[in-house]
Amino acid sequence: MVLAQLGGSISRALHQMTNATVIDDKVLNDCLKEITRALLRADVQSNLVDDMHTNIKNIVNLQHLAAGLNKRKIIQQAVFDELCKMLDAGKPSFTPKKGKSSVVMFVGLQGSGKTTTCTKYAYYHQKKGWKPALVCADTFRAGAFDQLKQNATKANIPCYGSYMESDPVKIAVDGVERFKNENCDLIIVDTSGRHKQEAALFEEMRRVSEATKPDLVIFVMDSSIGQAAFDQAQAFKQSVAVGAVIVTKMDGHAKGGGALSAVAATKSPVIFIGTGEHMDEFEVFDVKPFHSSEYL
Ligand code: GDP
């Protein structure tokens, strides 16, 4: 499960501390060193790790803790709260409402899993009784429309795109309008990607967003990008109003730390994770299990 490995390392560090006879500064520092190492190994951005370290040290001031207080518990709670803060964007993302037409735009680099995730997201909602539809506004990658259409056909979801039109904004606007007229309640717009963060991509995202006025923009991120996650997520956030994150390929060898960085960069929550290539390999991401004592 996502972040389980990280949770395991942190939990080991805390247990080691619990085994110590006396909790003093050395024990606390050793424990924090272990936690810091685990976070860095998991590719969490070093600035975030430093902040966490400082915050815990500020909260847990052993010299000033009144005698009789359970120091172990206070340290555990501080670590716990700081980890949750890292994963929690502070506010929930916009949630589409069944029966009320919402437009959701997907953005991300090429290869991040955007097109696959659009269909997974549509399929997930269709199973819950929604009437989703897919719009392919990716005119950059040859075959993008065919790929989306193929996935959509498998799931019996209507799909709009064009082999002739080269303007992604026009396709996006036409597709959204058509599906609004057909009373679809979840209109999903797949957009172009690039291999790198390029100005042309961000300008295109800005134009598609301005024209279709999405209720939610979802940033799709490959979990294996590690340390690059923060800058990538931030670059998208600066062009369009990213409101949620989906992390893909969590079934691979990803360490999951990039997800924490993407949350910090976009101030948006992770709402789903991709756990395979198939349409149903898709899970709601809930911070709560991480909040629970499962890992600590
Ligand atoms: P796009 O360029 O961002 O639209 O990316 P695609 O949707 O075409 O996905 C790129 C590759 O990643 C494809 O081979 C997908 O099957 C694969 N992929 C997408 N999501 C996942 C996932 O959650 N797990 C795994 N293992 N592969 C995925």
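Summing -39500 (n - 2.57) over the DSSP H runs of n ≥ 4 in the chain and dividing by its residue number, what mean residue ellipticity at 222 nm do you reach, to the nearest 500 deg cm²/dmol?
-15500 deg cm²/dmol
Average projected area of the Cα convex hull of segment 128-212, in nm²?
Seen from a random direction, the Cα hull of segment 128-212 projects 5.9 nm² on average.
When the distances between all Cα atoms of segment 101-161 are binned every 5 Å from zero, what whole-number percent does each bin get?
P(r) over segment 101-161, rounded to whole percents: 4, 18, 33, 26, 14, 4, 1.
Which whole-number percent of Cα pairs in segment 18-125 have a distance greater than 15 Å?
For segment 18-125, the share of Cα pairs beyond 15 Å comes to 74 percent.
Kindly provide the Kirkwood hydrodynamic radius of the chain in Å, to one decimal, from all pairs of distinct alpha carbon atoms.
Result for the chain stands at 20.3 Å.
Suppose R0 equals 35 Å; then what is the FRET efficiency for Ala20 and Asp286 from their Cβ-Cβ distance, rounded to the nearest 0.05?
0.60
Distance check, please: which entries in Lys149/Lys196; Lys180/Lys267; Lys98/Lys149; Lys100/Lys149 exceed 28 angstrom between their Cα atoms?
The answer is Lys180/Lys267.
In whole Å, what are the extents of segment 187-260 along the principal axes defined by its C-alpha atoms, from largest to smallest?
38, 26, 18
A short reminder: the numbers here are calculations on the coordinates, not readings from a lab. What you see is a predicted model; the values in this text were computed from it and never measured. Quick reminder, even Gly has a Cβ in these numbers, built from the backbone with ideal geometry, and neighbours come from all protein chains shown.
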